[in-house]
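Structure record follows, encoded as C-alpha cells.
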Amino acid sequence: MANVGLQFQASAGDADPQSRPLLLLGQLHHLHRVPWSHVRGKLQPRVTEELWQAALSTLNPNPTDSCPLYLNYATVAALPSRVSRHNSPSAAHFVTRLVRTCLPPGTHRCILMVCERSDAFASACALARAFPLFTHRSGASRRSEKKTVTVEFFLVGQDNGPVEVSTLQCLTNATEGVRLAARIVDTPCNEMNTDTFLEEIKKVGKDLGITPTIIRDEELKTRGFGGIYGVGKAALHPPALAVLSHTPEGATQTIAWVGKGIVYDTGGLSIKGKTTMPGMKRDCGGAAAVLGAFRAAIKQGFKDNLHAVFCLAENSVGPNATRPDDIHLLYSGKTVEINNTDAEGRLVLADGVSYACKDLGADIILDMATLTGAQGIATGKYHAAVLTNSAEWEAACVKAGRRCGDLVHPLVYCPELHFSEFTSAVADMKNSVADRDNSPSSCAGLFIASHIGFDWPGVWVHLDIAAPVHAGERATGFGVALLLALFGRASEDPLLNLVSPLGCEVDAQEGDVERDSKRRRLV
C-alpha cells in the first residue's frame with residue numbers, strides 16, 4: 001500500500017473494472033440506497049444489475065462482510081450496521097481494515113465510499129490510514145509506475161447532494177496531514193533525527209509562508225529550557241524547541257498545540273529492555289500529528305492565532321546523559337528531581353506548555369503526546385486518553401473523536417489526590433510517580449499541567465496517544481483528524497464546522513457543561 005497517490009474526486013468516472021479495479025464500501029443499508037444507474041458504468045460489462053443485487057443480498061456484516069463481484073477486480077464490502085456509543089458512527093477503524101484487505105490490486109484503482117455527509121471526513125481520514133507513504137522495501141524503489149487510488153463519495157441520507165470542490169479540498173488537506181504524520185512516525189531515527197524533523201517543520205513553514213522560530217542545543221540551556229535540554233543533551237543531534245506561528249488579522253484568541261517529539265526513546269540511563277525499546281521511533285507521534293494538523297488547518301483558513309510548538313529531542317545514552325538524582329530547572333521556574341530518565345516526555349512538554357503560556361500568551365493550550373504505556377491499559381488501543389481542567393472540553397474531545405474517527409476517552413482529573421505522587425524532599429517535584437498503580441497516565445498529564453499551574457484560568461487539554469499512534473507495525477497518523485475536528489469552528493471550512501462539537505451544545509450524556517465564562521470561550 002506504500003507510495004500510492006490518493007485522489008478525491010466528485011466523480012471518478014466510468015471504467016471497466018478489469019482496467020480499473022473497484023471497491024464499493026459502506027454500511028449495508030447505505031449500499032442498498034445506491035442506484036444501479038450510478039454504479040453501472042463502474043461495473044459493466046463485467047457485472048450485471050442482477051449480480052449486483054444478489055451480492056448485496058448475500059452480505060451479512062458481523063461486524064463486516066465482503067463479496068467479490070468479478071474475480072479480484074471488483075468487490076463490495078459492508079461496514080458494521082451499528083456501533084456502540086463509544087465508537088465512531090463512521091466505523092472508521094473498519095473502513096481502514098476493509099480497504100487493506102478488500103481493495104483489489106492494480107496500478108489505478110477506485111474506491112466508491114457510500115456514507116452520510118457527517119461521516120465523510122472520518123471516512124476519508126480512515127482511507128488515508130490504509131496508504132502509508134514510508135517504505136524501504138527494495139522492490140518499491142525499482143517500480144517506475146506510480147500507483148493511484150481515486151476516491152469518490154456517494155452521499156446518502158440528509159444533505160445528500162453532490163460533494164463540493166471545497167469539501168474535496170478539505171479532505172485532500174486533511175488526508176495529506178494524516179499521511180505526513182504517519183510517514184514521520186514510521187521513519188526510523190537513523191533518518192528522522194531532530195535535524196530531519198526540523199527540516200520537515202521548515203518545509204511545512206515554507207509551504208504556508210511561515211518562518212519557524214527555532215531554539216537549539218546550548219541556547220536551550222541558556223534560556224532556561226532545562227526539560228528539553230536535559231532530555232536531549234546526550235544525543236548526537238541536539239534537542240530543539242521549534243514554533244510555527246499563524247497570526248491572522250481579526251483573531252480573537254490564541255491557541256497553542258504542543259507536541260512531544262522524542263525521535264527515539266532508549267529510556268536514557270533508566271534504559272528500556274530489548275523487547276520494549278523496539279518501536280520507540282514512534283515517540284514523536286504527538287509532534288508529527290501537530291505538524292500534519294497545523295498544515296491542514298492553515299490551508300483550510302484558520303481564523304484565530306495558532307501556534308504549533310514542537311519539543312524535539314532524542315532520549316539517548318552517553319557521557320552527558322541525565323542521571324537519576326539530577327535536578328533540572330525547567331522553563332516554568334520549577335525544579336524537578338529526576339527519578340526516572342524514561343519519564344522524559346513530560347519534561348519536554350512541561351517546557352513547551354510553559355513557553356506557550358509565558359511567551360505566546362495562549363488562551364487554550366493543548367499538548368499531544370505518546371506519553372505513557374499505561375494509556376493503552378487505561379483506554380485501550382483505539383481510544384486516546386484525554387485529561388483536562390475543563391469538563392466542557394473533555395466532552396468536546398470525546399464528541400470530536402466520534403465525529404472524526406480518532407477516538408478519545410477521559411482520564412480521571414483530580415490533582416488534589418494525585419499530584420502528591422511527585423513529592424520530592426529536595427526539589428519542587430520528582431518526574432515520576434511513587435506508586436505506579438495510582439492512575440499513572442493521569443499523574444503524567446498532571447505533571448505537565450503543574451508547569452502552567454492548576455489555577456491557570458485558561459483551557460488546558462492533554463491527549464495521550466501512545467497506543468492509537470500505531471496499529472501493528474504501522475503508524476496511523478492519529479491525532480491529525482482529531483485536532484482538525486476539535487478546532488473546526490475556528491476554520492472557514494463548512495466540513496470542519498460540521499464535525500466540530502465546539503460552539504454548539506454538548507450532549508448532556510457526554511459530560512456536564514461548565515458555566516465558567518472563561519472556559520466557555522470556544523473557537
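The values are calculated or read from the model by the stated rules, or taken from the named source; none is laboratory data. Since the structure is predicted, the reported quantities are computational estimates derived from the model, not experimental observations. For neighbour counting, all protein chains shown are included, and Cβ atoms are generated from backbone atoms with ideal geometry for every residue, glycine included. We work out accessible area using only protein heavy atoms, side chains counted, and drop any ligands, DNA or RNA first. Shrake-Rupley method; radii C 1.70, N 1.55, O 1.52, S 1.80 Å.
Quick notes
- Note on segment 1-63 and segment 471-492: Cα centroid distance 28 Å, given to the nearest whole angstrom.
- Take every pair of alpha-carbon atoms less than 8 Å apart whose residues are at least six positions apart; their mean separation over the length of segment 210-499 yields a relative contact order of 23 percent.
- Helix 165-186 axis versus longest C-alpha principal axis of the chain: approximately 50°, rounded to the nearest ten.
- Shape call, segment 4-163: gyration tensor on alpha carbons, a/c limit 1.5: oblate
- Scoring 90-98, 168-176, 269-277, 202-210 by mean Cβ neighbours within 10 Å over their residues and listing the highest first yields 90-98, 168-176, 202-210, 269-277.
- Sorted on the mean count of surrounding Cβ atoms within 10 Å across their residues, most packed first, peptides 245-258, 471-484 read 471-484, 245-258.
- Averaged per residue, segment 352-504 has 31 square angstrom of accessible surface, using a 1.4 angstrom probe with ligands and nucleic acids left out.
- Residues listed by number, segment 79-103, amide nitrogen under 16 Å from His32 label point at 7 Å toward C-beta: 79-82
- Size of charge dipole - the chain - debye, nearest 20, with Cβ of Lys, Arg +1 and Asp, Glu -1, no other charges: 1460
- Apportionment of accessible area to carbon and sulfur, segment 4-163, percent (1.4 Å): 47
- Relative contact order of the chain, taken over Cα pairs closer than 8 Å and 6 or more residues apart, is 15 percent.
- Calculated Cα extents along the principal axes in Å (choose from (i) 78, 55, 46; (ii) 79, 67, 46; (iii) 86, 83, 57), label: (i)
- Approximating the spin labels as points 7 Å out from Cα along Cα→Cβ, the Val317-to-Ala15 distance works out to 5.1 nm.
- Ligands, DNA and RNA are left out, and with a 1.4 angstrom probe the accessible area of segment 4-163 is 45 Å² per residue.
- Across segment 225-250, the residues whose backbone nitrogen lies under 18 Å from the label position 7 Å along the beta-carbon direction of Lys202 are 237-245.
- Packing around the peptides 402-414, 18-30, taken as the average count of other Cβ atoms within 10 Å per residue, puts them in this order, highest first: 402-414, 18-30.
- Computed per residue of the chain from DSSP H runs no shorter than four, each worth -39500 (n - 2.57), the mean residue ellipticity at 222 nm is -9500 deg cm²/dmol.
- Anisotropy class of segment 126-258 from Cα gyration tensor, a/c 1.5 cut: oblate
- Amide hydrogen neighbours beyond the local backbone of Tyr264, cut-off 5 Å, H modeled: Asn315
- For the chain, share of DSSP beta bridges that run antiparallel, in % to the nearest 5: 35
- For segment 90-184, relative contact order (Cα pairs under 8 Å, six or more residues apart, normalised by length) works out to 40 percent.
- Prolate/oblate/rounded call for segment 331-468, Cα gyration tensor, a/c under 1.5 rounded: oblate
- Here segment 210-499 has 50 percent of its accessible surface on carbon and sulfur atoms, given a 1.4 Å probe and all protein chains in place.
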